[in-house]
Amino acid sequence: MIVAAPAAKDRVKFNVGGRIFETTSTTLANAGRDSFFGPLFDENWDLKDSSQSVGGGEFFIDRNPDCFAVVLDLLRTGDLNIPPNIPERLLYREASFYGVLDHVRSAKWGPFDGNRLRYSKSISGTAPGDGTAIRAAPDGGCAVAHGSIVHVYDWMLSEEHPPLTLDHQRVNDVIWVDPENLAVSACERLGRGDGGLGLFNKTSGRLRFKFQVTHDNQVKSFTAGALATAQNPNHRIFSSCKGRSNEYGIGVWDQFTGKQVDFFYESPGWSLGDADRLQWLEERNCLLVATLFPRKDNCYISLLDFRTKDMVWSWSDVGAPMTVDERRVRDGIAMEGNNAICVVNEYEDLGFMDLRMNGGAIRWSSRSRLIMKGRMPDDEPCYPKLALHDGGQLFSSMNDCISVFCGPDMVMTSRLRRGYGGSICDFSIGGDRLFALHSEENVFDVWECPPPPVI
Amino acid sequence: MSNQKKRNFQIEAFKHRVVVDPKYADKTWKVLEHAIHEIYNHNASGLSFEELYRNAYNMVLHKFGEKLYSGLVSTMTSHLKEISKSIEAAQGESFLEELNRKWNDHNKALQMIRDILMYMDRTYIPSNHKTPVHELGLNLWRDNIIHSSKIQSRLLNTLLELVHRERTGEVIDRGLMRNIIKMLMDLGSAVYQEDFEKHFLEVSAEFYKVESQKFIECCDCGEYLKKAEKRLNEEIERVTHYLDAKSEIKITSVVEKEMIANHMPRLVHMENSGLVNMLLDDKYEDLGRMYNLFRRVPNGLLTIREVMTSHLRETGKQLVTDPERLKDPVEFVQRLLDEKDKYDSIINKAFSNDKTFQNALTNSFEYFINLNARSPEFISLFVDDKLRKGLKGVSEEDVEIILDKVMMLFRYLQEKDVFEKYYKQHLAKRLLSGKTVSDDAERSLIVKLKTECGYQFTSKLEGMFTDMKTSQDTMQGFYASHPELGEGPTLVVQVLTTGSWPTQPSSTCNLPSEMSALCEKFRSYYLGTHTGRRLSWQTNMGNADMKATFGKGQKHELNVSTYQMCVLMLFNNAERLSYKEIEQATEIPAPELKRCLQSMACVKGKNVLRKEPMSKDIGEEDAFFVNDKFSSKFYKVKIGTVVAQKESEPEKQETRQRVEEDRKPQIEAALVRIMKSRRVLDHNNLISEVTKQLQQRFLPNPTEIKKRIESLIERDFLERDNVDRKLYRYLA
């Protein structure tokens, strides 16, 4: 690149669709080598002062000048300002041409902070029935499961990707393996080998392969439930499995090859195959498996170590006194940094358990329930759900609200609510965004943080 | 071109529509294909990047990504096939240069092609699971050039040939080598390993196998090691110059295996230059080299250590069992110390103070020092010699160093109690004769023994020092209370506590009347100041200074033992005395008397007496006279007693017996201690525990332990279990 050249030579003149722009190579360097502007400074191409630049050294680009102005401004300041007369979609298309779509995305919204979230927009879908799950993609897009269909949105939130389905069986869970691929778990269809667990490509919508469960060298059909992934070690994917005979437990596969690498069989009296939530704990190198009321009449939470095939930590409400019964646990999540597992009951009371000792009791935090008295759902309640961001902020959904908890004592610091669409049946955090899926209307909300202030 | 496409995509984005111009894709591709040709032909300056980029973009946008991609593959492949031909055509030396030049060209072209197809690389390729353009370019290069049948083996042979030439001393173009190897690594570590490294290692192994065989036939061990080290360093250097850093460990392990591991026993045992010779000649540099090289191979250090240990044990065994050496204990110990110093410095200078070697050294010394039962005695004698005279004029630090070395030998001893016995005897002699050179050195050694073996070990030795001090005070008190004693002989008494000092068979003699009167005075003074004590005279341990005038008026001061004094005093009143008369008058035990007469009558220069008949030995019929012709150039004459410095055989037996006797209560005490805490224990465990407890001081003999157990059973400390006779019970 000719960056070190004198000031005059640093200047670059463009003619974009008839309009003249002048800028510097330093500004264009912000776009990076892997953009349209990268080769302009490559000595192989010799573009700056050859036949390319006709009439006073202009460099012609046959594109929309209005959009180029926005892109150029983005490269100059790092700020994205889209004038009202330019549709976002058009701008994205142009940014994609120049190879600076990532710049646009990272300028569009700021780094995630539960207490700075602003409502951005709602997206309505067409699928009938209740939403099952919503999963944020690493790049800011998301996947929404409705019945037997999964709709995939890119970060621009116009549904450009084909919808996914696994033999048209009811979808139980979805998980992003990487920004390009996602796994879908579904119910089995008796005797047909349909359903189970499949890996899909986001862009093409094609089923790449199915993860299969093999027992005694025989492939068995199964219903796949909750999903989790582990990048360290070895790119694993975990799923709770229910089969015909004794294939109850947790299956483990390689994300890339789809080969089954392990299976943790359910021990008698301990429900693993029905699990609602799986979570990989990287530091401890084990998997949290939670099977919760009302899928089973009792709640089971355990940590599995696959290296020793051991249940290294466990808790269950079997045999707990009736007074505790009303506080039946509805969701649980491990917070490795705090050495704790956080659980929530149907009144959105938070409770904590110590991960370091087995057989401890739940310490319920004495939170006022007054705030909950506002608006109770008339029919069909949605159960509370939990999510964690970077180990520090805890999120809990209840009815049409999402509460944010912070600090060592998990104090409630913010509440997110939008009065349309009814109760929140699921929500997810990822790609610096929060997605909340409503149960009554087929609609989900997007919450994001504004970019950092100008000064 | 593509004027008609200006606003097309706005409509296209929402509806899938057919492309207007059915030949659109073919046309666009032709433009791009042409550009790729131009790029490969170094003719890119006429190309419009903007147009090419836009064309490729449009092709992907209009769903012709597949056509674009497959077109790229076939175009690039055909170019590479041509390149392959031109490389094949290169003759001899220029082959690698041509390959390198084409590789650089290809990389440049690849970069430019990727620039044009950037949009495809970013959008079409990930979603369709194709290989990205850059990687594709490398793969095609690998398949069409590196793996082409006419290049693959030629490339490998050329590279190996160059390495071989460099090994045999030629200068090669390392820059070119580096570029070609870098190319292989850029194509993936699998390519580098399969197409070069694997063969390189095989050829190297063969090369070093032959070379090491050649070297070992004609070099001595030191030279061989030098060559091996040089080769090893060359290979390491080669890796840094033009191979993958990961190869270092592989090639060095090849060299290590071929040059060192395979020849280890032969090298170590090489005649006249092997390890033993290096040790004998203190060849630190060679030893260090051997250590550093052998350390790299499995069991290398073990081999060195084993040879060193067995050599050390062998020489050590000779050292301590050679009867010639046993004549002089000081020399004996000095040799041990020298040996230790020698190996300490080898381990320090050549074996980088390796702990395992230090342990081997310690074990060897422990092994052979204890082969000779007299080692404890000799070590004590060595200390005695040093403390008597050896340390005169030596600085304090040097004294400490010598004492520390002695302590180190002491640590190797199994029978520390035997050493203690001897040490006590020797210390007693030193103290009583006032021969000790330095009180500080004595005390320093005792402190060292104390830290090594505990208070119990040294309490009696310390008692001896206290006695010496108290005696001085007592004598001052005695003379202060008897002012009239200024005239006449002076008496110096050392009052020794019984038990603290080595017990001597008390053989009294008749003191001359002058002396016995003085002694009586002292006795009554001492018993007057201390009640409840008993004094007995140890005349065999005393000495005296006498003034004598000989026949021609020569005056001398004679330093003699108490016995000798008694004999000489007799001659104040007699000219001639027979042996019988002397024996009668003094009542000195016969062996002592003989020794004492021998020292005065038969030693040249010290012969204050004359004997008839003249002979070397003292007979019962001999007669003695004052030797009037006695002369000496010194005024003071010290007449030593003929005492064997080393113990004679019966004395040795006696000491041994006393040691054994002393051990009995210690073994019993240990037995009772153990049984008291264990209550019940079987025979074997009891023996092993006792041995463990006592090995700080000595190695108890199992049969002796058994005897002690029997004795304890007799005295109702222990009993045998009724059912299991091997089990003992403690009786409280």
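Considering B:Val399, B:Val330, which residue is outside any loop (DSSP other than H, G, I, E, B) and either small (Gly, Ala, Ser) or more than 25 Å from B:Asp281 (Cα to Cα) (or both)?
Residue meeting the stated conditions: B:Val399.
Please verify whether region B:473-492 includes one or more residues that are among the polar types (S, T, N, Q), in a helix (DSSP H, G or I), surrounded by 13 or more Cβ atoms within 10 Å (Cβ to Cβ) and at pLDDT 85 or above.
Yes, because at least one residue in region B:473-492 is among the polar types (S, T, N, Q), in a helix (DSSP H, G or I), surrounded by 13 or more Cβ atoms within 10 Å (Cβ to Cβ) and at pLDDT 85 or above.
Give the residue that is surrounded by the most Cβ atoms within 10 Å (Cβ to Cβ), with candidates limited to residues of region B:261-298 that are in contact (Cβ under 8 Å) with a residue 60 or more places away in the chain, among the aliphatic types (A, V, I, L, M) and farther than 17 Å from B:Leu361 by Cα.
Once the filter is applied, the top-ranked residue is B:Met290.
Counting just the residues of region B:108-133 that are assigned to a helix (DSSP H, G or I) and away from chain A (no Cβ under 11 Å), which one comes out nearest to B:Leu187 (Cα to Cα)?
B:Val133
Can you name the condition, by its number, that B:Ser310 falls short on among (1) surrounded by fewer than 16 Cβ atoms within 10 Å (Cβ to Cβ); (2) part of a loop (DSSP other than H, G, I, E, B)?
Condition not satisfied by B:Ser310: (2).
Out of all the residues in region B:83-97, which are loosely packed, with under 13 Cβ neighbours inside 10 Å and under 25 Å from B:Glu33 (Cβ atoms)?
B:Lys85, B:Ser86
Out of the residues in region A:168-202 that are among the polar types (S, T, N, Q) and over 15 Å from A:Phe256 (Cβ atoms), state the one that is surrounded by the most Cβ atoms within 10 Å (Cβ to Cβ).
So the residue we want is A:Ser185.
Give, as residue ranges, the strands (runs of 3 or more DSSP E) completely inside region A:109-179 that count at least 2 residues that are of a type in the set (Ser, Thr, Tyr) and in contact with a Lys or Arg (Cβ under 8 Å, 6 or more places away or on another chain).
Output list reads A:118-124.
Tell me the helices (runs of 4 or more DSSP H) entirely within region B:1-107 that contain at least 3 residues that are among the charged types (D, E, K, R) and at pLDDT 90 or above.
B:24-40, B:65-89
Scanning for something buried (at least 16 other Cβ atoms within 10 Å of the Cβ), within 54 Å of the chain's Cα centre (by Cα) and over 25 Å from B:Glu651 (Cα atoms), does region B:506-528 turn up at least one residue?
no
Looking at B:Lys421, B:Lys469, B:Lys405 in this structure, which one is free of Cβ contacts under 8 Å to residues at least 60 places away in the same chain, among the basic types (Lys, Arg), part of a helix (DSSP H, G or I) and within 30 Å of B:Asp662 (Cβ to Cβ)?
After applying the criteria, what remains is B:Lys469.
Counting only residues that are within 23 Å of A:Trp176 (Cβ to Cβ) and either in contact with a His (Cβ under 8 Å, 6 or more places away or on another chain) or part of a strand (DSSP E or B) (or both), how many does region A:265-303 have?
The number of residues fulfilling the criteria is 10.
Check region A:203-225 and report whether any residue there is surrounded by fewer than 24 Cβ atoms within 10 Å (Cβ to Cβ), within 14 Å of another protein chain (Cβ to nearest Cβ) and among the acidic types (Asp, Glu).
no
Go through (1) surrounded by fewer than 17 Cβ atoms within 10 Å (Cβ to Cβ); (2) in contact (Cβ under 8 Å) with a residue 40 or more places away in the chain for A:Arg295 and report which single condition fails.
Just one mismatch for A:Arg295, condition (2).
Take B:Thr362 and decide whether it is surrounded by fewer than 16 Cβ atoms within 10 Å (Cβ to Cβ), within 25 Å of B:Leu449 (Cα to Cα), touching a helix residue (DSSP H, G or I) at 6+ places or on another chain (Cβ under 8 Å) and of a type in the set (Ser, Thr, Tyr).
Considered against the rule, which asks whether it is surrounded by fewer than 16 Cβ atoms within 10 Å (Cβ to Cβ), within 25 Å of B:Leu449 (Cα to Cα), touching a helix residue (DSSP H, G or I) at 6+ places or on another chain (Cβ under 8 Å) and of a type in the set (Ser, Thr, Tyr), B:Thr362 comes out as yes.
Considering only region A:92-104, I want to know if a residue exists there that is of a type in the set (S, T, N, Q), away from chain B (no Cβ under 14 Å) and more than 30 Å from A:Asp254 (Cβ to Cβ).
Among the residues of region A:92-104, not one is of a type in the set (S, T, N, Q), away from chain B (no Cβ under 14 Å) and more than 30 Å from A:Asp254 (Cβ to Cβ), which makes the answer no.
For region A:74-91, which positions are more than 14 Å from every other protein chain (Cβ to nearest Cβ), in contact with a helix residue (DSSP H, G or I) (Cβ under 8 Å, 6 or more places away or on another chain) and of a type in the set (Val, Ile, Thr)?
Residue satisfying the conditions is A:Ile82 alone.
Collect the residues in region A:33-81 that are of a type in the set (A, V, I, L, M, F, W, C), at pLDDT below 80 and either touching a His at 6+ places or on another chain (Cβ under 8 Å) or surrounded by fewer than 17 Cβ atoms within 10 Å (Cβ to Cβ) (or both), keeping them in residue-number order.
A:Val54
Residue by residue, here is whether (1) exposed (fewer than 15 other Cβ atoms within 10 Å of the Cβ); (2) touching a Pro at 6+ places or on another chain (Cβ under 6 Å); (3) free of Cβ contacts under 8 Å to residues at least 24 places away in the same chain holds:
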| residue | (1), (2), (3) |
| --- | --- |
| B:Lys327 | yes, no, yes |
| B:Arg335 | no, no, yes |
| B:Thr356 | yes, no, no |
| B:Ile379 | no, no, no |
| B:Val383 | no, no, no |
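Could you say whether any residue in region A:183-201 is within 14 Å of chain B (Cβ to nearest Cβ) and either over 30 Å from B:Lys63 (Cβ atoms) or assigned to a loop (DSSP other than H, G, I, E, B) (or both)?
The answer is no; no qualifying residue exists.
Take the conditions free of Cβ contacts under 8 Å to residues at least 60 places away in the same chain and either surrounded by 13 or more Cβ atoms within 10 Å (Cβ to Cβ) or closer than 28 Å to B:Lys416 by Cα (or both) and apply them to B:Glu714. Does it pass?
Spelling it out, it is not the case that B:Glu714 is free of Cβ contacts under 8 Å to residues at least 60 places away in the same chain and either surrounded by 13 or more Cβ atoms within 10 Å (Cβ to Cβ) or closer than 28 Å to B:Lys416 by Cα (or both).
For region A:339-369, which residues satisfy the criterion of being among the polar types (S, T, N, Q) and at pLDDT 85 or above?
Across region A:339-369, the qualifying residue is only A:Asn339.
From the list B:Glu647, B:Glu651, B:Glu660, B:Glu689, exactly one residue is under 30 Å from B:Lys611 (Cβ atoms), at pLDDT below 90, charged (D, E, K, R) and in a helix (DSSP H, G or I). Which is it?
Criteria check complete, one pass: B:Glu651.
Can you pull out the residues in region A:160-211 that are touching a Gly at 6+ places or on another chain (Cβ under 9 Å) and among the basic types (Lys, Arg)?
A:Arg170, A:Arg189, A:Lys202, A:Arg208, A:Lys210
Restricting the search to region A:167-182, which residues are of a type outside the set (S, T, N, Q) and more than 14 Å from chain B (Cβ to nearest Cβ)?
Passing the criteria: A:Asp167, A:His168, A:Arg170, A:Val171, A:Asp173, A:Val174, A:Ile175, A:Trp176.
Could you say which residue among B:Leu184, B:Leu155, B:Leu138 is surrounded by 16 or more Cβ atoms within 10 Å (Cβ to Cβ), out of contact with any Cys (no Cβ under 9 Å at 6 or more places or on another chain) and within 24 Å of B:Thr252 (Cβ to Cβ)?
B:Leu184
The values are calculated or read from the model by the stated rules, or taken from the named source; none is laboratory data. What you are looking at is a predicted structure, and each value in this text was computed from that prediction instead of being measured. All Cβ positions, glycine included, derive from the backbone under ideal geometry; neighbour counts span all protein chains shown.
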